[in-house]
Amino acid sequence: MLPYEYELIDKLLKDKDLEHLKCKLLYQRKYSEVVAILNLFFNLPEEQKELFMPLLTSTIWNSNLKNVEAIFDIFSELNNKGNEKQKELFIPLLTSNIWHSNSKDVRAIIDIFSNLREEQEKLFKPLLTSTIWNSNPKNVEAIFDIFSELNNKGNEKQKELFKPLLTSTIWNSNPENAKSIIDIFSNLRKEQEKLFRPLLTPNIWHSNPKGVKAIIDIFSNLTKEQETLFKPLLTSTIWHSNPENVRAIIDIFSKLIKEGNEEQKELFIPLLTSTIWHSNPENVRAIIESKIWQNRLYRKLLTKSIWNKSITKIEKVIETMEELKLEEYITPTCLNLSPIQIKALYHYLQDNNNPVIIDNKLNPLFNVAPLAMLKRYGVNLKQLVAKEKERELKKVLSQ
């Protein structure tokens, strides 16, 4: 785009009272393209304006002139010549997200849903939302085939298990994965059914079947002692975990139970929750083995969210608090701040003659997220950090 075209686009939108259409994508278009797309909307017949003008948002710039024209044609034809059933089904699904879609895919999806058999209609039409236009028509057809076959030929147990998991998110799933997941859960042993079927939610369709199978195998082969410790931590989020990480975490805590001293067990076992499966095993191991906890002052940092904190960050935050002589006031929320953020807040309070310690506790600023800090106290942490970096640079240069 030529530099002067920015000005032309700005002027056009201002004159037309369309400044709400501004976004980064807009300025990647030539002025002539912008004019052409807007003219499509302005030159619509009145009945079509009613249909399409509400869809004129900044998402329009995800599309191109030919695609917009084609989508206009599809839905105008549907609105004028489609039967009442089609209008009732597809017109309400028109939102500005349609501009993210390819017109050929949109037409193909309309054709698919217009030719369903009665039993398919009952099963699939309730799953239609405006996100359907972002789906791959071939995947949609394949998913139809999988669940139609299940509905017609599957046993009652399968229907009872999988039909409730059908939601509009199914259209963004990989059909081969969906088929594999159905096969896996259809062939569980009795004791496995009891354990794993309650963990089935619609999110299962976005899981990797190999990972799902590996996790089932891991939890099906636990010792009695391991079962007591780890089975209560099984939730539907387990399917999005890395099986190797799950295995490593089980090994770490199994070793802790067998070889750890009583103090370690008391410190770390109560911190086990279902979120542990999304943690890095090496970091979990490092936290357990860290000598930090020999200092009882820092044990108050041991909460159930500790596994999501990097051991490196934990150590650096403690080091910073010690440097500022604030270690006895450290809290778990301090771990949400970086060392430079802590220093920036500390020096901000000092520079403004505000107490760092109030009633034997850290100033509340240390316990507030940056956005809330700005809204509640008018303190811009980003600016304070920039100032702190300047302070540190001057200190280095003066040495």
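The values are calculated or read from the model by the stated rules, or taken from the named source; none is laboratory data. Quick caveat: nothing in here was measured; it's all calculated off a predicted structure. Cβ placement follows ideal geometry from the backbone for every residue including glycine, while neighbour counts extend to all protein chains displayed. For accessibility, only protein heavy atoms count, side chains too; no ligands or nucleic acids. Shrake-Rupley method; radii C 1.70, N 1.55, O 1.52, S 1.80 Å.
Given the alpha-carbon gyration tensor of the range 216-264, what are the semi-axes of its equivalent ellipsoid in whole angstrom, ordered largest first, with each equal to the square root of 5 times an eigenvalue?
Gyration-tensor ellipsoid for the range 216-264: 20, 12, 10 Å.
Over 18 Å between Cα atoms, which of 343/382; 343/375; 81/125; 163/190 qualify? Could the numbers behind the result be given before it?
Details: 343/382 12 Å; 343/375 21 Å; 81/125 21 Å; 163/190 20 Å.
Violating the 18 Å Cα-Cα cut-off are 343/375; 81/125; 163/190.
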Using a 1.4 Å probe, how large is the accessible area of residue 71, given in Å² and rounded to the nearest 10? 0
Of the listed pairs 316/387; 304/395; 85/138; 309/389, those with alpha carbons more than 29 Å apart are 304/395
Taking Lys and Arg as +1 and Asp and Glu as -1, residues besides residue 108 with C-beta under 10 Å from its C-beta add up to 0
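Computed from the mean reciprocal separation of all distinct C-alpha pairs, what Kirkwood hydrodynamic radius does the chain have, in Å?
Numbers: mean 1/r = 0.0372 Å⁻¹.
Result for the chain, one decimal place: 26.9 Å.
Quickly rank 289-297, 167-175 as a protection proxy: mean count of other C-beta atoms within 10 Å, highest first. Display every interim value, and only then the final one.
On the way: 289-297: 11.9, 167-175: 17.8.
Result, highest mean Cβ count within 10 Å first: 167-175, 289-297.
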Sum up the charges of everything whose Cβ sits under 15 Å from the Cβ of residue 148, counting Lys and Arg as +1 and Asp and Glu as -1, but leave residue 148 out. +1
Among the Cα-Cα pairs of the range 202-309, the proportion with separation greater than 22 Å, in percent, is 32
If you consider only alpha-carbon coordinates, what radius of gyration and Dmax does the range 102-178 have, in Å? 12.2, 39
Taking the reciprocal of mean 1/r across every pair of different Cα atoms in the range 238-277, the Kirkwood radius in Å is 10.8
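As a check on your grasp of the helix formula, calculate [θ] at 222 nm for the chain: sum -39500 (n - 2.57) over DSSP H runs of n ≥ 4, divide by the residue count, round to the nearest 500. Walk me through the numbers on the way to the answer.
On the way: 20 runs with 221 residues, N = 399.
After summing the helix terms and dividing by residue count, I get -17000 deg cm²/dmol.
Got a number for carbon plus sulfur as a percent of the range 1-149's accessible area, 1.4 Å probe? All intermediate terms of the calculation are to be shown ahead of the outcome.
Numbers: 3910 of 8220 Å².
So the carbon and sulfur contribution to the accessible surface is 48 percent.
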Residue 388: net charge of surrounding residues, Cβ under 12 Å, Lys/Arg +1, Asp/Glu -1, itself excluded? +4
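So what is the accessible area of the chain per residue, in Å², with the probe set to 1.4 Å? Working shown, then result.
On the way: 22180 Å² over 399 residues.
Dividing the accessible area of the chain by its residue count gives 56 Å².
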